[in-house]
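Before we start, here is the structure in question, set down as structure tokens.
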Amino acid sequence: MTAATEAAGGPLPIEDYGLIGDCTTAALVGRNGSIDWLCWPRFDSAACFAALLGRPEHGRWLIAPCGPEMRATRSYIGETMVLETLFETEEGDFAVIDFMPTGQAGSSVVRIVEGRRGRPRVRMHLTLRFDHGSSIPWVTRLPEGDGISAIAGPNLAVLRAAVPLHGEDFSTTAEFTVAPEDRFPFVLSYGPSHRPPPDAIDAEAALCDTLAFWRSWSKHCTCHGRWRKVVMRSLLTLKALTYAETGGIVAAPTTSLPEKLGGVRNWDYRFCWLRDATLTLVALMRGGYYEEAKAWRDWLQRSVAGSPSDIQIMYGIAGERRLAEWEVPWLPGYQGAAPVRIGNAASGQLQLDVWGEVMDALRLARDGGLASPGSAWALECGALRHLEAIWREPDDGIWEVRGGRRQFTHSKVMAWVAFDRMIRDAEKYGFEAPLERWRATRDEIHRTVCELGYDAARGSFTQSFGSPELDASLLLIPAVGFLPIEDPRVAGTIAAIERELVTHGFVLRYRTESGADGLPAGEGVFLACSLWLADAYAMQGRWDDAYAMFHRVLSLRNDLGLLSEEYDPRAGRQVGNFPQAFSHLTLVSTAIGLGEHGPIRRSSERKAEGKPPESQSVSAKPS
Ligand SMILES: OC[C@H]1O[C@H](O[C@H]2O[C@H](CO)[C@@H](O)[C@H](O)[C@H]2O)[C@H](O)[C@@H](O)[C@@H]1O
């Protein structure tokens, strides 16, 4: 399938894409020089390049050698989001430097073609298709003669280029020779169609500014040591998934990259999940980034404002509530994985765990010195009052199943977390609170989980009350402090998950064959869950197992350090939306955790074994 679709001009394997972004939206650049995904002007806008979910005619922007290439290698320039792809051909070599300028009015994609060796021929092929690959724009030449303007409905894009452009089959093309030291900039800028075209920008100056922006951001990272590079790339990716204007954070910049190749588990992640966003915030704070944390906290306050009973599990990046899900009939889907979905019906779900994740993150923010505005505590109390009323109800769970609500054990554990963190904050900061009542509820949830969520015969907690199924989210029980790692029920759960959910060395979130999620069975191993098992091993002092799992997940990152949500071990391919915040934030957390705690105990163990201590690890030092 892959080879055939690629030969027919279909999308590349997911791991062959790189990410560029300007903190308002992001694009995926293939290692073949084709930008196959871009939603403009925001992460959640309709795509104008949708070849990722179809074919080149659904929109893409190619800059590549005219003839066959011998090799394409790529890397980010230092700790930035500026991507450089080097094409080596028989005629010579050239690089394409791709980025989205930061700090400019409006949004642009800049591609600079730089000659390196010989005089290779280069081709540029721009196919703009607004409205998710469906609408062919009306293209005219700019009066200045240096480019074209393309209009369709509310959208306008302007391409300015330093080489002559031609129209061909509803696309814009160019062919040119590049010599060493030549630099040919191409700038594609977005604007609303009712306004004059956006002003030209100086590509070289924008490159300097954008490099400076990312470098100065990376400089503030407080993680140093052996995994600094790993952590930094993940933090940069998380930062690129933030929508600067509002502080919202998307779960991924894509929709409908399948969790199973050729399957139907295709979802739109271009929204702000309270779960993913709060965990991203925790990762950013652990990396020393409190400004983003503040922006997100303010986003949260605005988004959930109103009645606590109306709090949703996810919102649009500016706090929008209506994210109606629909299927796109004209896009065939990533390598045939249909349907392509826009919007996400999970926005109407009940997922009790989000209260726990949010309260935990807000507590960390407070402890990190992020002063709360007066209204924050009142808002949290309102949310907890609502949880007090509903925690006994069945919900859709962390995995957002579509097979009906259940009494998910992880959801109740996280409801316990919500009460626990609020009680601790009230005690620590002297906030006014009905402490006795909260403590009673916290204890009642704990008792309920231990009675109904634990299967004594199997010696393990289970996915939902009374169910025989396991669930990798149960690995979080010791991490959130619900029970200590030494508790035999926790040890039994870890052992059961190792036996039943580990495959090819990685962790499944649950057995999809049970039908609990209401979808046809089969999906990849879940990368965040695999890292949770590494964390659990670390807590158990099983350092070798922890490091082995951590390294296995590291080995799945693409050449740019990027991860999607899942991995198909049989096909040896990344699957699911890409790059995914959940995978990257968990990677940061595991790397920092192993760095902070691992080497100390590990070195004593190594000493006991007569081995020298391990040098350097990631450590997060407060700035
Ligand atoms: O598998 C079914 C569900 O899959 C998606 O949810 C997953 O991604 C979310 C965003 O990263 C994450 O918060 C959640 O825990 C994952 O299960 C999808 O968005 C859902 O609509 C779908 O039901």
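If you take the charge dipole of the stretch 2-216 about its Cα centre, with +1 on Lys and Arg Cβ and -1 on Asp and Glu Cβ, which of G153, W61, G103 is farthest toward its positive end?
So the residue furthest toward the plus end is G153.
So what's the gap between the Cα centers of the stretch 379-413 and the stretch 33-76, to the nearest angstrom?
Cα centroid to Cα centroid, the span is 40 Å.
So which of K229/K428; K294/K428; K229/K260; K229/K412 end up more than 32 Å apart by C-alpha?
On the way: K229/K428 36 Å; K294/K428 21 Å; K229/K260 30 Å; K229/K412 36 Å.
Cα-Cα > 32 Å for K229/K428; K229/K412; rest within.
Once Lys and Arg get +1 and Asp and Glu get -1 on their Cβ, which of A528, L435, N344 lies farthest toward the positive end of the dipole of the stretch 220-620?
After comparing all options, I get A528.
Short version: ³J(HN,Hα) in whole Hz for each residue of the stretch 167-174, in order, from phi by Karplus 6.51 cos²θ - 1.76 cosθ + 1.60 (θ = phi - 60°), x for Gly and Pro, what are they?
Coupling constants for the stretch 167-174: x, 7, 6, 6, 9, 10, 10, 7 Hz.
Does anything in the stretch 174-190 have its amide N under 17 Å from the 7 Å Cα→Cβ label point of E204, and if so which residues?
Correct set: 179-187.
For A456 and L350, calculate 0.36 nm times their separation in residues minus their Cα-Cα distance, and state this gained length in nm to one decimal. Intermediate values should be presented prior to the final figure.
Numbers: separation 106, 0.36 × 106 = 38.16 nm, distance 2.85 nm.
Extra length from A456 to L350 when fully extended: 35.3 nm.
Between R385 and R302, what is 0.36 nm times their sequence separation minus the Cα-Cα distance? Round to one decimal in nm.
Working: separation 83, 0.36 × 83 = 29.88 nm, distance 1.87 nm.
That pair, R385 and R302, stretches by 28.0 nm at full extension.
Then there is this: If you wrap a convex hull around the Cα atoms of the chain, how much volume per residue is inside, in Å³? Write out the running numbers ahead of the final one.
Details: hull volume 97.1 nm³, N = 623.
Dividing the Cα hull volume of the chain by its residue count gives 156 Å³.
While we're on this one: Cα axis of helix 274-286 to longest principal axis of the chain: angle in degrees, 0 to 90, nearest 10?
It works out to around 90 degrees.
Work out how much length R511 to R141 would gain on full extension: take 0.36 nm times their residue separation and subtract the Cα-Cα distance, in nm to one decimal. Please report the intermediate quantities before stating the final value.
Values: separation 370, 0.36 × 370 = 133.20 nm, distance 5.59 nm.
Result: 127.6 nm gained on full extension.
Between the helical axis of 374-390 and the dominant principal axis of the chain, each derived from Cα atoms, what acute angle in degrees is found, rounded to the nearest 10?
The helix 374-390 is inclined about 70 degrees to the chain.
Neighbour counts of other C-beta atoms within 10 Å: give me W138, W214 arranged from fewest to most. If you can, show how the numbers build up before the last one.
Working: W138 10, W214 22.
The order, fewest Cβ neighbours first, is W138, W214.
Moving on to the next point. Can you tell me the orientation of helix 228-240 relative to the chain, as the angle in degrees between its alpha-carbon axis and the longest Cα principal axis, to the nearest 10?
Taking Cα atoms only, the helix is inclined about 80 degrees.
Continuing with this model, one more query. Taking Cα centroids, how far is the stretch 186-233 from the stretch 454-500 in Å?
44
Under a Cβ-only charge scheme (Lys and Arg +1, Asp and Glu -1), can you give me the dipole magnitude of the stretch 21-141 about the Cα centre, in debye to the nearest 20?
On the way: 14 positive and 14 negative charges, 64 e Å.
Charge dipole, the stretch 21-141, about its Cα centre: 300 debye, nearest 20.
Taking the C-alpha atoms of the stretch 478-544, how large are the radius of gyration and the largest Cα-Cα span, Dmax, in Å?
13.0, 38
Another question, if that's okay. Taking the Cα centre of the chain as origin and charging only Cβ (+1 Lys, Arg; -1 Asp, Glu), how large is the dipole, in debye to the nearest 20? Don't skip to the end; give the middle numbers.
Details: 66 positive and 78 negative charges, 172 e Å.
Dipole of the chain, to the nearest 20 debye: 820 debye.
Can you give me the C-alpha center-to-center distance between the stretch 237-314 and the stretch 556-591, rounded to a whole angstrom?
Result: 17 Å between the Cα centres.
Rounded to the nearest 0.05, what FRET efficiency do F170 and R123 have when you use their Cβ-Cβ distance and R0 = 22 Å? Spell out each step's value before the answer.
Numbers: r = 17 Å, r/R0 = 0.76.
Efficiency at R0 = 22 Å is approximately 0.85.
Let me have the relative contact order for the stretch 1-124, percent, based on Cα pairs under 8 Å that are six or more residues apart.
Working: 276 pairs, mean separation 24.3, N = 124.
The value is 20 percent.
Something else about it: Estimate the FRET efficiency between A378 and A318 by the formula 1/(1 + (r/R0)^6), using the beta-carbon distance for r and 25 Å for R0, to the nearest 0.05. Don't jump to the answer; show the numbers that get you there.
Working: r = 23 Å, r/R0 = 0.93.
Efficiency, rounded to the nearest 0.05: 0.60.
Could you work out the helix-only [θ] at 222 nm for the chain, with each DSSP H run of four or more residues adding -39,500 (n - 2.57) and the total divided by the number of residues, to the nearest 500 deg cm²/dmol? Show your work: numbers first, answer last.
Numbers: 15 runs with 209 residues, N = 623.
Counting only the DSSP helices, I get -11000 deg cm²/dmol.
Towards the positive end of the charge dipole of the chain, with charges on Cβ (+1 Lys, Arg; -1 Asp, Glu), say which of I311, A496, P143 has the farthest Cα.
Farthest towards the positive pole: A496.
Expressed as a rounded percentage, what relative contact order does the stretch 2-216 have, with Cα pairs under 8 Å and six or more residues apart? Show your work: numbers first, answer last.
Numbers: 550 pairs, mean separation 39.0, N = 215.
Relative CO of the stretch 2-216 lands at 18 percent.
May I pose another question? When a footprinting reagent is the concern and you count Cβ atoms within 10 Å, what order do H551, H584 take, fewest first? Write out the running numbers ahead of the final one.
Working: H551 10, H584 28.
Ranked by crowding around the Cβ, least crowded first: H551, H584.
OK, next. How high is the relative contact order of the stretch 220-620, in percent, with contacts defined as C-alpha pairs under 8 Å that are six or more residues apart? Intermediate results must be reported in sequence, preceding the final value.
Details: 759 pairs, mean separation 78.1, N = 401.
Result for the stretch 220-620 is 19 percent.
Cut-off is 10 Å between beta-carbons; in what order do H220, H58 appear when sorted fewest neighbours first?
H220, H58
Along the Cα→Cβ direction, 7 angstrom out, place labels at T503 and A440. What is the inter-label distance in nm?
It is 4.7 nm.
Could I have the simple spin-label model distance between M70 and D182, label points 7 Å from Cα toward Cβ, reported in nm to one decimal?
That separation, rounded to one decimal, is 1.9 nm.
Return the distance in nm (one decimal) between the two label points of a simple spin-label model at E325 and E432, each offset 7 Å from Cα along Cα→Cβ.
The modelled label-to-label distance comes out at 4.2 nm.
Every number here is computed from the coordinates shown, using simple stated rules; none is lab data. Remember, it's a predicted structure, so these values are computed and weren't measured experimentally. Virtual Cβ from ideal backbone geometry, glycine too; neighbours counted across all protein chains shown.
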